[in-house]
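Only the coordinates and a few stated rules stand behind these numbers; no lab work does. Small disclaimer: the values here were computed from a predicted structure and weren't measured. Counting neighbours? That spans all protein chains shown, and the Cβs are built from the backbone with ideal geometry, glycine included.
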Amino acid sequence: MSDIRIENLVKRFDKTVAVDGVSLDINDGEFVVLLGPSGCGKTTTLRCIAGLETPDEGYIYIDGDVVNSLPPKDRDIAMVFQNYALYPHMTVYDNMAFPLKMRKLPKNEIDRRVREAARLLNIQHLLNRRPKQLSGGEQQRVALGRAIVRQPKAFLMDEPLSNLDAKLRVYMRAELKRLQKDLNITTVYVTHDQAEAMAMADRIAVMNRGKIQQYGVPIEIYNRPANTFVGGFIGSPPMNLIKASVIEKNGDVFLDAGYFLYNAGDVGSVLKEKIGGEVYIGVRPEDILLSTSSSGDSVFESEIYVVEPMGANMIIDLKLGGDIIKAVIPSTTGFYAGTRVWVGFRRDKIHIFDAKTGKLIV
Ligand SMILES: Nc1ncnc2c1ncn2[C@@H]1O[C@H](COP(=O)(O)OP(=O)(O)OP(=O)(O)O)[C@@H](O)[C@H]1O
Ligand SMILES: [Mg+2]
């Protein structure tokens with residue numbers, strides 16, 4: 001049980017700045033997910049916490065103590081990798097017992113811990129098998145078991161579910177979330193899968209190009225993305241971003257997207273100082289309203305380009321000039337490729353970002 005604090009962490013590889021001033025506070029028992037695209041610095045951040053990389057700048061604290069010069073084995077942290085890294089010639093039991101044997105724990109204590117972890121993970125029946133006699137999901141559990149037996153201060157996990165098929169991944173993420181809460185061990189978990197991050201995290205740190213873009217609870221990141229990167233990275237399909245000029249007409253503020261003019265309404269007062277400038281209108285697919293006749297919410301008329309049935313919902317692709325915008329609506333009849341529809345936005349769900357900085361304005 002421990003809290004972890006990262007302060008202005010910088011890590012360079014030659015000219016590449018892999019981690020560029022990352023600061024994070026992770027509370028005792030918290031499940032924090034580092035989320036971001038390939039190459040954004042997630043693994044490097046994790047390896048710095050583990051002590052497998054030496055920071056060029058900044059500090060890592062565990063339980064309030066700076067650990068920068070502490071070797072990995074003295075940090076009392078367990079890391080679970082994407083490829084599990086099990087020993088092929090050892091049984092499941094011996095794989096799990098190995099880190100405890102290295103620490104020279106008494107045999108009966110080792111046995112107690114291995115059996116307890118096996119019970120938690122539901123792998124008691126596999127203890128005598130070797131890794132190659134296990135499915136991917138079972139191997140994953142053994143790798144977790146080997147981390148759990150150590151009763152470490154924290155778990156660091158680098159895309160531990162990415163080798164599993166889609167169905168097993170969704171199953172295991174719930175199992176892992178439950179296990180983490182039961183054990184109450186501080187966990188830093190790396191993924192590039194936004195759905196996994198949303199489903200599992202107490203808090204998500206969204207990273208891009210070595211920097212934290214936003215750090216918060218999943219629903220806050222979803223509902224109030226700090227910038228266009230976060231808005232576009234979270235959600236599936238992602239948030240639509242429509243470029244528009246801010247103009248004034250008869251004392252009201254409008255957003256002029258070229259293909260439609262949108263009255264900014266209540267937020268017009270906030271946008272007054274942006275008049276003459278450019279913004280992105282951010283609207284999530286589920287916050288787009290479609291109807292076959294014009295109504296008070298209608299903003300523009302468009303033709304359906306493609307309908308993608310998803311089961312309970314369907315994705316409707318709409319052409320807006322040269323761009324496609326995506327709407328998600330409950331599955332219904334009457335919407336086909338070629339159908340003319342009126343398109344509106346849920347007014348209270350609109351986000352406006354500065355086009356230059358990408359930062360959320362309102
Ligand atoms: N040992 C290394 N030597 C040189 N460059 C490295 C090294 N490790 C990482 N990098 C570079 O640092 C940047 C961040 O890499 P990192 O592995 O942390 O990304 P990541 O977010 O984990 O990506 P992915 O999702 O692909 O695993 C990348 O540009 C990468 O090429
Ligand atoms: Mg990585």
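With a ≥ b ≥ c the root eigenvalues of the C-alpha gyration tensor of segment 4-233, is it rounded (a/c under 1.5), prolate (a/b larger than b/c) or oblate?
Values: a/c = 1.97, a/b = 1.45, b/c = 1.36.
Prolate, because a/c is 1.5 or more and a/b exceeds b/c.
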(message) Just want the ordering: 91, 332, from fewest to most Cβ atoms lying within 10 Å of their own Cβ.
(response) 332, 91
(message) At a threshold of 8 angstrom on Cα-Cα distance, excluding pairs fewer than six apart, so keeping six or more, what relative contact order does segment 285-353 reach in percent?
(response) 44 percent
(request) With unit charges on the beta carbon (Lys/Arg positive, Asp/Glu negative), name the residue among 59, 98, 160 whose Cα is farthest towards the positive pole of the charge dipole of the chain. (result) 98
(request) Assuming 1.306 mPa s and 10 °C, estimate D for segment 289-351 with Stokes-Einstein, Rh taken as the Kirkwood radius over Cα pairs, in µm²/s. (result) 133 µm²/s
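Taking 45 Å as R0, compute the FRET efficiency from the Cβ-Cβ separation of residue 236 and residue 10 and round it to 0.05. Mind dumping the intermediate values first?
On the way: r = 32 Å, r/R0 = 0.72.
Computed FRET efficiency for residue 236 and residue 10: 0.90.
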(request) At a Cα cut-off below 25 Å, give the lysines reachable from residue 15, other chains included and same-chain residues fewer than 8 away excluded. (result) 42, 211
(message) Rounding to the nearest 10 and keeping the result within 0 to 90°, find how far the Cα-based axis of helix 166-183 lies from the longest principal axis of the chain.
(response) 60 degrees
(message) Quick check on segment 132-171: take the gyration tensor over C-alpha atoms, sort the square-rooted eigenvalues as a ≥ b ≥ c, and tell me if it's rounded (a/c under 1.5), prolate or oblate.
(response) oblate
(request) State the Cα centre-to-centre distance between segment 30-76 and segment 279-306 in whole Å. (result) 44 Å
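Please list, by residue number, every one of the trypsin sites (Lys or Arg not before Pro) in segment 1-71 that is coil in DSSP and has at most 14 other beta-carbon atoms within 10 Å. Spell out each step's value before the answer.
On the way: sites: 5, 11, 12, 15, 42, 47; in loops: 15.
Of the trypsin sites (Lys or Arg not before Pro), the ones in loops of segment 1-71 whose Cβ has at most 14 other Cβ atoms within 10 Å are 15.
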(request) Using only alpha carbon pairs under 8 Å that are at least six residues apart, calculate the relative contact order of the chain and give it in whole percent. (result) 15 percent
(message) Let's see if you can work this out: charge +1 on each Lys and Arg Cβ, -1 on each Asp and Glu Cβ, no other charges. What is the dipole magnitude of the chain about its Cα centre, in debye to the nearest 20?
(response) 1460 debye
(request) Pull out the extension gain between residue 182 and residue 339, defined as 0.36 nm times the separation in residues minus the alpha carbon to alpha carbon distance; nm, one decimal. (result) 51.4 nm
(request) Arrange 196, 175 by Cβ neighbour counts within 10 Å, fewest through most, would you? (result) 175, 196
(message) Please list, by residue number, every one of the GluC sites (Glu not before Pro) in segment 233-339 that is coil in DSSP and has at most 13 other beta-carbon atoms within 10 Å.
(response) none
(request) Describe numerically, in nm with one decimal, the distance between label points set 7 Å from Cα along Cα→Cβ at residue 308 and at residue 170. (result) 1.6 nm
(request) Assign unit charges at the C-beta atoms only (+1 for Lys and Arg, -1 for Asp and Glu), then state the dipole size of segment 240-354 relative to its Cα centre in Debye, rounded to the nearest 20. (result) 100 debye
(message) I'd like to know which of 267, 314, 325 lies farthest towards the positive end of the charge dipole of segment 240-354, counting +1 on Cβ of Lys and Arg and -1 on Cβ of Asp and Glu.
(response) 314
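What is the local net charge at residue 308, summed over the other residues whose Cβ is closer than 9 Å to its Cβ (Lys, Arg +1; Asp, Glu -1)?
Taking every Cβ under 9 Å from that of residue 308, the sum is 0.
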(request) Determine the alpha carbon to alpha carbon distance for each of 243/272; 11/356; 101/181 and list only those over 22 Å. (result) 11/356; 101/181
(request) Answer with one residue from 110, 122, 77: the one whose Cα lies farthest towards the positive end of the charge dipole of the chain, charges on Cβ with Lys, Arg +1 and Asp, Glu -1. (result) 110
(request) Per residue of segment 132-143, in order, report the coupling 6.51 cos²θ - 1.76 cosθ + 1.60 (Karplus, θ = phi - 60°) as ³J(HN,Hα) in whole Hz, putting x for Gly and Pro. (result) 6, 8, 10, 6, x, x, 5, 4, 4, 5, 5, 4
